[in-house]
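Visitor: Below is the structure I would like to discuss, written out as structure tokens.
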């Protein structure tokens, strides 16, 4: 944990449960973020859901971040962020996991460093969000029941929210085949 004592009530329980884990906590505008190592992410998230002192019964959101070109130094290139809510205690907690690629990120190669354990076994709501993070950033989730592309077509050659992806694409639109109308209509407007 950080040297500054943060006031979030769940941090003490997490520190007691994971005394050897390298954890950091930050606060910005009274919102607490817990930075956890990828190897402990699923275990810590399970603890936050199951521990009676925490009781984070809802995964509000899950998303990816690419810090390439970010002006402030970051611990890694990518991050996955989990937004948790405890209805019982009316608390929110953001859990962030950092991931650094080990191979070139300009393509669609499978990088073993960009894997996390799926949390669909903890919160069913993670199913679509994990698929979106996979599709847009190329971060894969072990144990996901149906990890396939959700926004881009199956053979799309990249992950478009990576910041090293060109803004104009890599020729996908120029080589895209248009569907022909089979009914003979001219497609008159409204």
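Visitor: Please verify whether residue 63 is on the phi < 0 side of the Ramachandran plot and outside any helix (DSSP H, G or I), treating the condition exactly as stated.
Guide: yes
Visitor: Being under 26 Å from residue 33 (Cβ atoms), at pLDDT 95 or above, in contact with a helix residue (DSSP H, G or I) (Cβ under 8 Å, 6 or more places away or on another chain) and surrounded by 14 or more Cβ atoms within 10 Å (Cβ to Cβ): is that true of residue 140 here?
Guide: So residue 140 passes the test.
Condition check ((1) under 23 Å from residue 39 (Cα atoms); (2) in contact (Cβ under 8 Å) with a residue 60 or more places away in the chain; (3) more than 10 Å from the chain's Cα centre (by Cα)) across all residues:
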| site | (1), (2), (3) |
| --- | --- |
| 64 | yes, yes, no |
| 70 | no, no, yes |
| 77 | yes, no, yes |
| 81 | yes, no, no |
| 98 | yes, yes, no |
| 102 | yes, no, yes |
| 107 | no, no, yes |
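Visitor: Starting from residues that are under 26 Å from residue 125 (Cα atoms) and assigned to a loop (DSSP other than H, G, I, E, B), keep the ones in segment 19-51 and report whichever is modelled with the lowest pLDDT.
Guide: Only one residue fits best here, namely 30.
Visitor: Just to be sure I understand, how many residues within segment 62-107 are touching a helix residue (DSSP H, G or I) at 6+ places or on another chain (Cβ under 7 Å) and within 20 Å of residue 140 (Cβ to Cβ)?
Guide: 10
The values are calculated or read from the model by the stated rules, or taken from the named source; none is laboratory data. Not measured: the values here are computed from a predicted model. Cβ sites come from the backbone with ideal geometry, for glycine too, and all protein chains shown count toward neighbours.
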